[in-house]
Amino acid sequence: MKSSYKPLSDYIREVKVKNVDLKTTNLLGINIDKYFMPSVANVIGTDMSNYKIVKKNQFACNRMHVGRDKRLPISMSKSDEDFIVSPAYDVFEIIDTTLLLPEYLMMWFTRKKFDRNTWFYTDADVRGGLAWKAFCEMELPIPSIEKQREIVNEYNVIHNRIALNNQLIAKLEETAQAIYKQWFVDFEFPDENGKPYKSNGGEMVFCEELDKEIPVGWEYGRLSELIEVKYGKDYKHLEVGDIPLYGSGGIMSYVNKVLYDKPTILIPRKGSLNNIIYLNKPFWSVDTMFYSILKNNFNRYYVYHFLIAIDFYSLNVGSAVPSMTTEYLNSMSLLKPAISVLGNFDKIINDLLNHKEIQNKEIQKLEDLKELLLARMTKVEAKAQAV
């Protein structure tokens, strides 16, 4: 033990306030990224008076399967409104916030090394639980309160910049989807004079298969005519590298080999069915994530926006785990717009996505900076403080 390190038990205490009067109805869970989120638990008929109340600046954690996830789901409430969590969760607070800031402690919990340490202390249960006593015995350095405020402020500047960039990306995606709807749903793409096609007398014909009018020159077709859906592959034989490895939830890890290196659309086969991803860089995808071969490069953004406009959860063809099949995807009916319209759409969306890529690169740099700041927390001069 380093002399400047102190056990958590010196600074925190459990809070066991239950929802006995049932006044609090907002039930939240904690994800492995350490954020509170709406609970997905079925609580119909459940006695909610046993659930624990979490107040602002209090923490909650789920120690039940740290070994399985190799992370401790833990978060700090920043909300002015109280909420409730499962009775199985621990709720705790800092004893004296003049010695340890809640935000500083939460920063400590987000460190990768902290999760590695929690995994080391898990028990022999198949899910790898973490005992409360073992959690409280974990140690951390406590610098002066002034230094803690300085570090928290630096962290918040980076965090807020990342949030701003994510908002910009969301706006770019909304803009792209709005253009898709205007062009391919409302048929108001620019005509030869640059004016909206349908509202300026653009010629329409009736399509029996789709039971509606479509622009002249457009056709009815199947998704299989625009892309070839391919299965992802096992990755266990691969070594760690710098190629992103995608599952249905997104990037799982990085490996040393490429499965496909051309523009593609990733379509979840199991799990997070709505997590459609467009990629224009080398990758590997596992068997829970389809990838696709585009039959015409001009189709790429059209097919991507066609797919993300669909609620695949409602089309789930599996049972316990949401699933999708190649047969279903290939048979999906869609419009085949004129190639000139697809070309113009591709150019506009490409400009938007290039801007999105710039934002993503900046976010990655900021994330690296954030990790550097978290790593430096162990090197900050600690101030021994008696509690």
| Every residue from segment 263-287 that is hydroxyl-bearing (Ser, Thr, Tyr) and surrounded by 24 or more Cβ atoms within 10 Å (Cβ to Cβ) | Thr264, Ser285
| What are the residues in segment 134-164 that are part of a helix (DSSP H, G or I), over 20 Å from Leu369 (Cβ atoms) and under 29 Å from the mean Cα position of the chain (by Cα), if any? | Phe135
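So, Ala386, is that one touching an Asp or Glu at 6+ places or on another chain (Cβ under 9 Å), open to solvent by 20 Å² or more (accessible area, probe 1.4 Å), part of a loop (DSSP other than H, G, I, E, B) and at pLDDT below 95 or not?
yes
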| remark: Scanning segment 136-150 for residues that are among the hydroxyl-bearing types (Ser, Thr, Tyr) and surrounded by 15 or more Cβ atoms within 10 Å (Cβ to Cβ) gives none
| query | Name the residues in segment 247-262 that are at pLDDT 95 or above and crowded, with 17+ Cβ neighbours inside 10 Å, would you? | reply | Leu259, Tyr260
| query | Taking segment 176-189 only, how many residues are surrounded by 14 or more Cβ atoms within 10 Å (Cβ to Cβ) and in contact with a helix residue (DSSP H, G or I) (Cβ under 9 Å, 6 or more places away or on another chain)? | reply | 9
| Leu168 being open to solvent by 70 Å² or more (accessible area, probe 1.4 Å), farther than 16 Å from Leu8 by Cα and touching a residue at least 12 places away in the same chain (Cβ under 8 Å) | yes
| task | Test each condition in (1) within 26 Å of Phe92 (Cβ to Cβ); (2) out of contact with any helix residue (DSSP H, G or I) (no Cβ under 6 Å at 6 or more places or on another chain) for Gly128 and report the one that comes out false. | result | (2)
| said: Can you report the number of residues in segment 265-304 which are under 26 Å from Glu239 (Cα atoms), part of a strand (DSSP E or B) and modelled with pLDDT of 90 or more? | reply: 15
| strands (runs of 3 or more DSSP E) completely within segment 196-241 that count 2 or more residues being loosely packed, with under 13 Cβ neighbours inside 10 Å | 204-207
| field | Single residue of Thr122, Thr118 found to be under 18 Å from Phe92 (Cβ atoms) and either open to solvent by 20 Å² or more (accessible area, probe 1.4 Å) or part of a helix (DSSP H, G or I) (or both) | value | Thr118
| request: Can you confirm whether segment 30-46 contains a residue that is among the charged types (D, E, K, R) and under 28 Å from Thr98 (Cβ atoms)? | output: yes
| field | Top-ranked residue in segment 67-108 [being under 22 Å from the mean Cα position of the chain (by Cα) and polar (S, T, N, Q); ranked as farthest from Ile145 (Cα to Cα)] | value | Ser79
| Name the pairs whose Cβ atoms lie under 8 Å apart, with the first residue in segment 21-34 and within 26 Å of Glu367 (Cα to Cα) and polar (S, T, N, Q), the second at pLDDT 90 or above and not in a strand (DSSP E or B), and 6 or more positions between them or separate chains? | Asn31/Pro73
| query | Of Asn316, Asn330, which residue is over 22 Å from Phe184 (Cα atoms) and either at pLDDT below 90 or surrounded by 14 or more Cβ atoms within 10 Å (Cβ to Cβ) (or both)? | reply | Asn316
| said: Here are the criteria: (1) surrounded by 15 or more Cβ atoms within 10 Å (Cβ to Cβ); (2) of a type in the set (S, T, N, Q); (3) farther than 12 Å from Leu226 by Cα. Tell me which single one Ser292 does not satisfy. | reply: (3)
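The values are calculated or read from the model by the stated rules, or taken from the named source; none is laboratory data. Since the structure is predicted, the reported quantities are computational estimates derived from the model, not experimental observations. Please note: Cβ atoms are built from the backbone with ideal geometry, for glycine as well, and neighbour counts cover all protein chains shown. SASA here: full protein model, heavy atoms, side chains in, ligands and nucleic acids out. Shrake-Rupley method; radii C 1.70, N 1.55, O 1.52, S 1.80 Å.
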